[in-house]
1. Using a Förster radius of 25 Å, what is the FRET efficiency between residue 73 and residue 111 based on their Cβ-Cβ separation? Nearest 0.05, please.
2. Which order results if 128, 105, 57 are arranged by neighbouring Cβ count within 10 Å, fewest first?
3. Can you sort 159, 118 by how many other beta carbons sit within 10 Å, fewest first?
4. Taking Rh as the Kirkwood radius, which is the inverse of the mean 1/r over Cα pairs, what is the Rg/Rh value for region 51-190?
5. At 25 °C and 0.890 mPa s, what whole-number value in µm²/s does Stokes-Einstein give for the translational diffusion of region 78-129, with Rh from the Kirkwood sum over Cα pairs?
6. Can you put 145, 58 in order of Cβ neighbours within 10 angstrom, beginning with the fewest?
């Protein structure tokens, strides 16, 4: 088409004809982006009632993993771990101090709990697990969050607090979450609060 031969009125028609498809396509693209960015509206999840929790537990206990776990809990090894767990449950629930003696600077072979130590509390052995190190390899001066913990020695007496204790058939000891550690009255480790948490 030779645009030089078009009069003013016809030129407007050609421009509208070229712009209209662009406007329509742009509108479709933005509408599509808007619908993708909207979060699905799910009803707020309510905490399970005691009856629902019990039903869920019974359902899990019937699975192969549940059956295996129940057998382990009833075994001598499982009973020992459960008994050790019970000794510190109150301290964990109330997040109170527990005096611990370091018995090893490494976790049992095959552990997949990240950085940790073995400690003795109230005559029982525990895994004190701190998790994987949040190390940023792109920052030249990135701080080793476990640096002060690495200076501890076997037989050091420390004061710890934990927000969680668990056990699993794979481990011969209860697993304590390492949330707070003091040595000689000085805090050498304190877990940072979770993002979005308090």
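Any read-out appearing in this document is the output of simple, stated calculations on the displayed coordinates, not a laboratory observation. Because the structure is predicted, anything quoted here is derived from the model rather than measured. Here Cβ is always computed from backbone atoms with ideal geometry, including for glycine, and neighbour counts include all displayed protein chains.
1. On the way: r = 20 Å, r/R0 = 0.81.
Working from the Cβ atoms, E equals 0.80.
2. Details: 128 27, 105 14, 57 11.
Final ranking by Cβ density, sparse to dense: 57, 105, 128.
3. On the way: 159 15, 118 19.
With the fewest neighbours first, 159, 118 line up as 159, 118.
4. Values: Rg = 17.0 Å, Rh = 16.5 Å.
Using only Cα positions, Rg/Rh for region 51-190 is 1.03.
5. Values: Rh = 11.8 Å.
Calculated translational D: 208 µm²/s.
6. Values: 145 17, 58 10.
So the residues, fewest neighbours to most, are 58, 145.
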